[in-house]
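Notes follow once the structure below has been shown.
The values are calculated or read from the model by the stated rules, or taken from the named source; none is laboratory data. Here the structure is a predicted model, which means the values were calculated and not measured. Glycine gets a Cβ as well: all are built from the backbone with ideal geometry, and neighbour counts include every protein chain shown. What goes into the accessible areas is simple: the full protein's heavy atoms, side chains included, and nothing from ligands, DNA or RNA. Shrake-Rupley method; radii C 1.70, N 1.55, O 1.52, S 1.80 Å.
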Amino acid sequence: MASIRDRSFVRWLAVIAGSALAFRVAAAFWYDDHTGVGFDGAWYLEIARFVARGIGFREPTFYLILHRKVATAAHPPLYPLFLSVVDFLGLHTVLAHRLWSCVPGTLTVVFVGITARDLAGRRAGLIAAGCAAISISLVAQDVILWSGGFFGMTITLVVLLSYRYLKRPRPIGALPVTAAISVSVLTRAESALLYLILIVPLVAVTVKSVRARARVLFASALTAAIILAPWTIYNAGRFDHPVVLSTGLGGLLAHSNCPAAYDGPLIGSWVGGCAKGLPRQLPSDESTADLLLRKAAFQYAGDHLDRLPVVVPVRLLRTFGVWNARYQFRHDLYLDAANLRWVSNIAVAQYWVYIALGAVGFVALRRRRQSLLPIIAPVITVVAITITGHGALRFRIGFDAVLPILVGVGVVTLLDRRRSGHPAGVPGLLTRKANPTSEAPGRRALMQIAEIRRRSS
């Protein structure tokens, strides 16, 4: 029977994944007809083409306009390398890259479904996969040619492997989790925090001996170093200063710590051209420019410490859909440009429904004493990058990717509670059916004395 149920789950998950792919393909065609590619998306696209042509990681503006080969590491390399597969196949259109980017998003749906199934059963898995399939945030970020969709896939893989490791905590099992984190790091640098807040606690909880923990952590560090080494070594001779992952931190900080980002309608956001305290022209070497941008950002933040208690909360409110939520969806997901302004209303409503159901799932897992660390850890990275940089919906992808897992658990909890006849609310979690046999011994004694007196009278 178990194998039949497993086959049934696989078939339904395949149907949901196929539907998710179709949804994303339709979105790719729509976005391609109504929007262009800008900002980070243009960088990813051009680098992918450069890689396929053997040019490598060269700054696109310098190369295409000034015909100068200037090294770039503005972002980690994995997503442009993924996009370059399309160019290697001779498909150079933007639409081809959008369609290819639908694949990671579909895998995200699969990973979400399997994780929720492992936590709360097949129904939870299928519901979670369905919610991920129709998540407007996930769908849009899969096709706008930013790294968010690919990053979401890596995060859900990390979560899945972490729970599998907790289920069978063999020391060797920590290495796949570390490898998945490393792949995520090569997509978006902020997930490097997962080495500290996920791998170390997982090993500490599951490995009892101090010496064994040290061996596992050493093996994990070695695994991470091997995966990251090719990119780091490649950068070693290209810049004036060491570049481990990217040179993008300075730009993130400088344009998030400046006058327009500290006050006014754009408070807590990223404002291009807003940075202060910079030379009139930045050096062409990105590592040197990155240091100057960081210095300017720290200088401005230090001179305006009194504004940080206001700015930082606004950053978090923007990222987590509380501050001007419809604008964030329209702006960050290109809904205005795609002539889908009305979708922002649906996206906001969908997000808050997911939040409510996810809260039920969160409490349910906690009541079952199920570890929540693999789900909480990506959310901590979202908080960290938001506090460090600025508020943006695209920074929330680590949260949006794992939220459907909690939604699946939450929906099943509600359904089971309703079926068992318990009152609604945070069902099955905050209420408990009365059990007449579990009354306190003192109360039973008083009832017996009252009965004796009644009979004697």
Checking the stretch 280-364 for chymotrypsin sites (Phe, Trp or Tyr not before Pro) in a loop per DSSP with at most 16 other beta-carbon atoms within 10 Å yields TRP342
In Å, the C-alpha Rg and Dmax of the chain are 25.5, 109
Rounded to the nearest 10 degrees, the helix 397-419 long axis (Cα) sits at an angle to the longest Cα principal axis of the chain of 20 degrees
Rounded to a whole %, the carbon-and-sulfur portion of the accessible area of the chain at a 1.4 Å probe is 65 percent
Here the cysteines of the chain without any disulfide-compatible Cβ partner under 4.7 Å are CYS102, CYS131
For the chain, the longest principal axis of the Cα atoms and the Cα long axis of helix 148-167 enclose an angle in degrees, to the nearest 10, of 40 degrees
Expressed per residue, the solvent accessible area of the chain in Å² (1.4 Å probe) is about 48 Å²
Here the gain from full extension of VAL94 to VAL10, 0.36 nm per residue of separation minus their alpha-carbon distance, amounts to 27.0 nm
To the nearest 0.05, the calculated FRET efficiency linking VAL322 and ILE134 through their beta-carbon distance, R0 being 35 Å, is 0.95
Between ILE65 and ALA236, the two model label points (7 Å from Cα along the beta-carbon direction) sit apart by a distance in nm of 3.4 nm
Filtered hits (aspartates and glutamates, Cα-Cα < 17 Å from LYS69, offset >= 8 within chain) -> GLU46, GLU59, ASP240, ASP285, GLU286
In debye to the nearest 20, the charge dipole size for the stretch 343-427, taken about the Cα centre with +1 at each Lys and Arg Cβ and -1 at each Asp and Glu Cβ, equals 320 debye
Ratio for the stretch 167-213, C-alpha Rg to 2.2 N^0.38 Å, reads 1.19
So LEU196 and ARG367, fully extended at 0.36 nm per residue minus their Cα-Cα distance, gain in nm 59.0 nm
Exposed trypsin sites (Lys or Arg not before Pro) being those in a DSSP loop with at most 14 other Cβ atoms within 10 Å, the longest stretch of the chain free of them is 70-207
Expressed in nanometres to one decimal, the distance between label points 7 Å along Cα→Cβ at ARG418 and ALA356 is 1.3 nm
With 0.36 nm assigned to each residue of separation and the Cα-Cα distance removed, LEU282 to LYS295 gains 3.4 nm
Total charge of the residues flanking TYR31 in space, meaning their Cβ is under 13 Å from its Cβ, with Lys and Arg +1 and Asp and Glu -1, is -2
Taking TRP30, TRP231 and ranking on accessible area (1.4 Å, protein atoms only), highest first, one gets TRP30, TRP231
Under Stokes-Einstein, the stretch 232-291 at 37 °C and 0.692 mPa s, with its Kirkwood radius over C-alpha pairs, diffuses with a coefficient in µm²/s of 259 µm²/s
